[in-house]
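The values are calculated or read from the model by the stated rules, or taken from the named source; none is laboratory data. This one's a predicted model, so the numbers in the text were calculated from it and none came from an experiment. Reconstructed Cβ throughout: ideal geometry from the backbone, glycine too, with neighbour counts over all protein chains shown.
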């Protein structure tokens, strides 16, 4: 067990490789109850969400979800989040465990400064969150719910009962695989967990820890806030321009992000691959003629692709696909190459 | 669990002494802490090691860790199979050896832990 965002969590159950492969080929089950939930409701909820987050929340229908970020006035990350539209004037943010308090204080302070009729509640203790991920996830979960899962599209949610427990069922995840995240009351979480493990037995479902969660998300080149980006990294630098609602009115950090999009960008997060037998881990320097010019933000040997991969923040002139990078690994310079994202894309993804 | 014919170190290496020299690997406790091993980096044959000196690295998906010489001596051989099958360290930790050495100071051997002392250490 390791301490993570104030929670004691298992790094692995049966082994990172076995858990990782279970998710890619069958199904894996994750207890991600450490994730936080902050709700915003009231007549001005949309206006406040539009001001606080960089994506265009006006595009969301009720029942729809988007990946977004809480941004500072400098266009950097307070946190990366999922925005759920629960009702016409009610939004739910799913935030990172270590940032719950910080995010809540930030949202309250910024909403107050902006003004508007909106109630903001840290509802994290009301939700346990269980993720079932993998190509068999729908089939397994369907045996425990009357909700029609086939009709729930990627990044949409529905409500219903799972193992007779009221739940919000969201077709989302942090693995690059199809799957669901199920929000349930904490008191019933164990029952839902056990029911899913039981229902998944025929598919050899595996409980998965933080280790596989990290290798899976990185293989899908999904960012980890706090590791790949933080309050000093802008959304554009993080390679996440696609989560900026460029057409919407102003929002926190809009000016900086627009200038960077127009070309005023000095560095960028890129995906790299190492062909040598070595892993570049978080914090290892990227060098050019013996000078440190960048840094590895995530790196691993991926169990499914069986490649040494990672993300690094580098000067823009080193950010093009095919560019050779030199990464210093414990005193040795190891060659890497910038590659297109994502490393892994699931078969048949729309 | 921990074979009685092996000697052990506080750094979780094992050493097996025979007529021709000594074989070195990491213990079952060490491989369980590391998780799935993906690379093992080993020294050149002929290198002279001092007791406690780092002679290589072992890398798992989770972490990277140094390998330490249980005793002083020359490296006689490295296990050629670990390059293509590093997972053998997880599957058979007390057989998947890393280096063979020629111990240069027999007195160091008596300072190593026996199986029962090592079992107590990792309890």
remark   = Over segment A:327-350, the set of residues under 11 Å from residue A:272 (Cβ atoms) and more than 21 Å from the chain's Cα centre (by Cα) is A:327, A:334, A:335, A:336, A:337, A:338
ask   = Among the residues of segment B:18-47, which ones are at pLDDT 95 or above, over 23 Å from residue A:303 (Cα atoms) and in a strand (DSSP E or B)?
value = B:22, B:23, B:24, B:25
task = Could you please tell me which pairs satisfy a Cβ distance under 6 Å, a separation of 6+ or placement on different chains, a first residue in segment A:282-294 that is more than 11 Å from residue A:312 (Cα to Cα), and a second residue that is part of a strand (DSSP E or B) and modelled with pLDDT of 95 or more?
result = A:287/A:326; A:287/A:328; A:292/A:285
query = Looking at segment A:63-86, which of the residues that are surrounded by fewer than 18 Cβ atoms within 10 Å (Cβ to Cβ) and farther than 24 Å from residue A:32 by Cα is nearest to the chain's Cα centre (by Cα)?
reply = A:72
message = Tell me yes or no: at least one residue of segment A:262-280 is over 30 Å from residue A:106 (Cα atoms), outside any loop (DSSP other than H, G, I, E, B) and over 20 Å from the mean Cα position of the chain (by Cα).
response = yes
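How many residues are within 16 Å of residue A:196 (Cβ to Cβ) and either assigned to a helix (DSSP H, G or I) or at pLDDT below 95 (or both) if we restrict to segment A:134-156?
Narrowing segment A:134-156 to residues within 16 Å of residue A:196 (Cβ to Cβ): A:134-147, A:149.
Add one more test, that the residue is either assigned to a helix (DSSP H, G or I) or at pLDDT below 95 (or both), and what stays is A:137-142, A:149.
Residues that pass the stated criteria total 7.
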key: Selection within segment B:109-120 - surrounded by 13 or more Cβ atoms within 10 Å (Cβ to Cβ) and over 16 Å from residue B:70 (Cα atoms)   = B:119
query = Which one of these does residue A:75 not meet: (1) modelled with pLDDT under 95; (2) on the phi > 0 side of the Ramachandran plot?
reply = (1)
message = I'm trying to understand the selection: among the residues of segment B:65-92, which are within 14 Å of chain A (Cβ to nearest Cβ), under 15 Å from residue B:25 (Cα atoms) and in a loop (DSSP other than H, G, I, E, B)?
response = B:83, B:85, B:86, B:87
message = Within segment B:49-64, take every residue that is crowded, with 16+ Cβ neighbours inside 10 Å and within 14 Å of residue B:99 (Cβ to Cβ) and give me the one that is farthest from the other protein chains (Cβ to nearest Cβ).
response = B:51
query = If residue A:166 passes every condition in (1) in contact with a helix residue (DSSP H, G or I) (Cβ under 9 Å, 6 or more places away or on another chain); (2) part of a strand (DSSP E or B); (3) surrounded by 23 or more Cβ atoms within 10 Å (Cβ to Cβ) but one, which one does it miss?
reply = (3)
request  = Can you confirm whether segment A:275-283 contains a residue that is surrounded by fewer than 22 Cβ atoms within 10 Å (Cβ to Cβ), away from every other protein chain (no Cβ under 13 Å) and within 30 Å of residue A:255 (Cα to Cα)?
outcome  = no
ask   = Consider residue A:251 against the criteria (1) surrounded by 20 or more Cβ atoms within 10 Å (Cβ to Cβ); (2) out of contact with any strand residue (DSSP E or B) (no Cβ under 9 Å at 6 or more places or on another chain): it satisfies all of them except one. Which criterion is unmet?
value = (2)
